[in-house]
Amino acid sequence: MMNISLQIKNLRKKNGLTQVEFAKRAGVGLRFLRELERGKITVRMDKLTRVLDFLGYHLELKRNEPQDTMKHEETDII
């Protein structure tokens, strides 16, 4: 699975926009966009949302199925 930073970079390029043009039109700073495309670990969610909105995408959270090692058994406390 491709990470979000690479997806955003590829979509920007697919739309024929430079980082400067994209940042301006998406309403974020150039520094933020550069860090985002480089895969900076922490980003502000409001700015990430602006970028995704501009591209016509949104974040979706899905709950992972618990792994066997993470299953918790219910126990009664007496």
Residues that are of a type in the set (Val, Ile, Thr) and either on the phi > 0 side of the Ramachandran plot or in contact (Cβ under 8 Å) with a residue 12 or more places away in the chain (or both), drawn from the stretch 5-33: 8, 28
Candidate set from the stretch 30-42 (those that are farther than 13 Å from residue 6 by Cα and touching a helix residue (DSSP H, G or I) at 6+ places or on another chain (Cβ under 6 Å)); member that is modelled with the highest pLDDT: 30
Pick from the stretch 1-37, criterion part of a loop (DSSP other than H, G, I, E, B) and in contact with a Lys or Arg (Cβ under 9 Å, 6 or more places away or on another chain), ranking: farthest from residue 55 (Cα to Cα): 29
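The values are calculated or read from the model by the stated rules, or taken from the named source; none is laboratory data. What you are looking at is a predicted structure, and each value in this text was computed from that prediction instead of being measured. Heads up, the Cβs are rebuilt from the backbone with ideal geometry, glycines too, and the neighbour counts pull from every protein chain shown.
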